[in-house]
Structure formats: structure tokens, C-alpha cells
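Undergrad: My questions will all concern the structure given below.
The values are calculated or read from the model by the stated rules, or taken from the named source; none is laboratory data. What you are looking at is a predicted structure, and each value in this text was computed from that prediction instead of being measured. Every residue, glycine among them, receives a Cβ derived from its backbone with ideal geometry; neighbour counts consider all protein chains shown. Surface accessibility is based on the protein's heavy atoms, side chains included, excluding ligands, DNA and RNA. Shrake-Rupley method; radii C 1.70, N 1.55, O 1.52, S 1.80 Å.
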Amino acid sequence: MKKLRLTLVVALLAVVTAASAQMNLGVKGGLNMSNFVYGDEVTDKNMKIGFHIGLAADYDFAYNMAIQTGLFFTTKGSTVKYEGLVDAEYKENLMYLQLPIHLAYKLDVSPGTRIVFHGGPYAAYGVAGKRTAKVGSISGEWDVDKMFGDAVGQYKPFDAGLGIGVGAEFGRFLVDLGWDFGLVNISNRSNGNTKNQNAYLSVGVKF
């Protein structure tokens with residue numbers, strides 16, 4: 001019995017060690033450029049500039065193949081600009097915790113450098129937000145931390161969709177360019193159909 005227990009412990013340690021060797025953790029952050037899609041079209045071409053930051057995990061399960069995931073704080077939303085006798089700008093800033101699960105293929109181009117193609121689903125949950133408006137030189141802010149809920153003027157907190165991207169690894173350092181397209185209608189209006197879309201540029205480092 002003692003030999004069996006010792007064997008199980010050794011086997012468990014071997015599995016944990018192998019998994020640890022294949023799992024890389026790091027941090028990533030960068031620039032977001034987001035907008036809303038109403039129905040099947042974007043009614044305003046102005047992107048809302050935001051950011052994302054979080055913990056990234058990369059699990060290499062086969063040669064040049066990996067599962068990329070992590071947990072990120074990310075901003076989405078939209079900016080609408082009006083030009084006339086008085087210029088105006090209306091901005092909705094939605095803040096999410098987002099979990100992507102991407103399948104990645106890594107192409108070796110030189111020692112220590114790889115091009116990474118990746119894609120897959122994501123799930124996100126709204127945690128905060130605000131609306132701002134600027135008319136001429138007058139600006140205001142309201143509904144802070146009340147962007148998500150069941151009311152008509154609020155958004156559903158759950159969001160999910162698909163993402164694709166391409167990046168590069170330079171040893172411990174990485175850069176990434178991608179795009180997320182929401183598939184969930186986040187509008188509470190009976191005839192509303194609002195989805196998130198977001199392009200991003202990330203830089204990161206592995207521990």
C-alpha cells in the first residue's frame with residue numbers, strides 16, 4: 001500500500017511538473033478601439049479609444065500549438081460625434097472582465113521569434129461604466145456605475161462573441177493585434193439589437 005501511495009504521489013508530481021513546464025503566465029495590456037453594431041451596421045464610424053490589461057496564460061499542448069486564455073479588464077462602448085452650429089460628442093464607456101479562449105498556431109521564423117495566429121470565443125461580464133457628453137465647451141457625466149442592469153437605458157451585463165488575431169513572440173516579449181466581435185444583443189430595448197465590437201493592440205511579457 002505504501003509503495004502504491006508513493007507511486008501515485010510521484011506520478012502526480014510528474015503530471016504537475018509537466019503541466020507547469022507547458023504553461024506560461026504573463027501580463028498583457030494595450031489600446032482598444034471599440035464601437036457598437038446596431039443590427040448589422042455601424043451607424044457612426046468614430047471609434048471610442050480605451051484600454052485593456054490583465055493576466056495572460058498560454059498552454060502549449062503540442063508542437064507549435066497552444067491554448068491562449070487569461071482574465072482581462074477591458075473597456076468597450078462607442079463615441080458619437082455631431083458637427084453643426086455647435087459641435088457635440090456623446091460617449092458610452094462600458095467596462096468588462098473578459099475571458100478569451102483561443103486556439104493558437106505558432107510559426108517559427110527565427111530562433112526565439114514566432115508569428116502567432118489565434119482565434120476563438122470570449123465571454124465577458126460588465127462591471128462598471130459611465131456616459132459622458134460634451135456640447136461645445138460644456139461637458140457632463142452621469143449614470144456612473146449604472147450602465148448595466150435591467151432598465152431600458154441600461155445594458156445587459158453578459159457579453160460573448162468571437163475573436164481573431166495575429167501577433168509575434170520575441171522570447172519573453174510579445175505584441176498582438178486582434179479584433180473581437182460580439183454575438184450577444186446587450187440592449188434591453190424591445191426592438192434593440194446592439195452588439196460590441198473592438199479592435200485592440202497589445203504588448204506583453206511572460207514571467
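Undergrad: When you scan the stretch 78-97, how many residues do you find that are at pLDDT 95 or above and open to solvent by 20 Å² or more (accessible area, probe 1.4 Å)?
TA: The number of residues fulfilling the criteria is 2.
Undergrad: Note down all Cβ pairs under 6 Å where the first residue falls in the stretch 162-188 and is basic (Lys, Arg), the second is part of a strand (DSSP E or B), and they're at least six residues apart or on different chains.
TA: The qualifying pairs are ARG172/VAL205; ARG172/LYS206.
Undergrad: Checking the structure you have, find out if any residue of the stretch 124-132 is part of a strand (DSSP E or B), crowded, with 20+ Cβ neighbours inside 10 Å and modelled with pLDDT of 95 or more.
TA: Of the residues in the stretch 124-132, the ones part of a strand (DSSP E or B) are 124-132.
Filter once more, keeping what is crowded, with 20+ Cβ neighbours inside 10 Å: 124, 126, 129.
Add one more test, that the residue is modelled with pLDDT of 95 or more, and what stays is 124, 126.
Checked the stretch 124-132: at least one residue is part of a strand (DSSP E or B), crowded, with 20+ Cβ neighbours inside 10 Å and modelled with pLDDT of 95 or more.
Undergrad: How about the stretch 47-61: which of its residues are farther than 16 Å from LEU201 by Cβ and open to solvent by 50 Å² or more (accessible area, probe 1.4 Å)? Talk me through it step by step, then tell me what you get.
TA: Looking only at the stretch 47-61, we keep the residues that are farther than 16 Å from LEU201 by Cβ, and these are 55, 57-61.
Residues satisfying the conditions are LEU55, TYR59, PHE61.
Undergrad: Which ones in the stretch 65-77 are among the β-branched types (Val, Ile, Thr) and open to solvent by less than 20 Å² (accessible area, probe 1.4 Å)? Before you say what the answer is, go through the steps one by one.
TA: Within the stretch 65-77, the subset among the β-branched types (Val, Ile, Thr) is 67, 69, 74-75.
Within the stretch 65-77, THR74, THR75 meet the criteria.
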